[in-house]
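A.B. asks: Sending over a structure as structure tokens; questions will come in a sec.
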Amino acid sequence: MPKLYSSKQITKTLKNHGFDPISQKGSHGKFRKTMGKKVLTAIVPMGKREIPAGTFSSILRQSQLNKEDFE
């Protein structure tokens with residue numbers, strides 16, 4: 001079974017990798033990082049103790065980070 005991360009762990013790692021919190025609508029937070037002309041946006045469900053594996057892989061894809069960055 002894959003390791004599950006909390007939304008607090010994910011947001012902390014995103015902030016450590018240069019993502020800034022932009023907004024929150026309902027239970028989802030939006031984080032953005034600008035790399036030259038390229039803009040990365042990651043949507044994270046907030047206030048969850050465990051993020052499902054599929055949602056976590058979507059966050060990885062949006063942020064272009066590796067799973068090792070979260071360990």
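A.B. asks: Can you tell me what the convex hull of the Cα atoms of the chain projects to on average, as an area in nm²?
C.D. replies: The orientation-averaged projected area of the Cα hull of the chain comes to 4.6 nm².
A.B. asks: So what are the ³J(HN,Hα) numbers for the stretch 29-45, from phi and the Karplus equation (6.51, -1.76, 1.60; θ = phi - 60°), rounded to whole Hz, Gly and Pro as x?
C.D. replies: For the stretch 29-45, the Karplus-derived couplings read x, 10, 10, 9, 9, 9, 10, x, 8, 8, 10, 9, 10, 10, 9, 10, x Hz, x marking Gly and Pro.
A.B. asks: As a footprinting exposure proxy, order Ile10, Ile59 by other Cβ within 10 Å, with the fewest listed first.
C.D. replies: Ile59, Ile10
A.B. asks: What does the extension gain come out to for Gln64 and Lys37, with contour length at 0.36 nm per residue minus their alpha carbon separation? List each step's numbers first, then the result.
C.D. replies: Values: separation 27, 0.36 × 27 = 9.72 nm, distance 1.53 nm.
Going from the current span to full extension adds 8.2 nm.
A.B. asks: Among the trypsin sites (Lys or Arg not before Pro) within the stretch 1-49, which fall in a DSSP loop and have no more than 16 other Cβ atoms within 10 Å of their own Cβ? Could you put the intermediate results ahead of the total?
C.D. replies: On the way: sites: Lys3, Lys8, Lys12, Lys15, Lys25, Lys30, Arg32, Lys33, Lys37, Lys38, Lys48, Arg49; in loops: Lys3, Lys37, Lys48, Arg49.
Listed in order of number, the matching sites are Lys3, Lys37, Lys48, Arg49.
A.B. asks: Would you grab the residues whose amide H sits under 5 Å from the one on Tyr5? Only those 5+ places off in sequence or on another chain, please, with H modelled 1.01 Å from N.
C.D. replies: The list, which skips near neighbours in sequence, is Ile51.
No lab work stands behind these numbers, since they all come straight from the coordinates. Computed from a prediction, not measured in an experiment: that's the story for all the values here. Note that we place each Cβ from the backbone using ideal geometry, even for glycine, and neighbour counts take in every protein chain shown.
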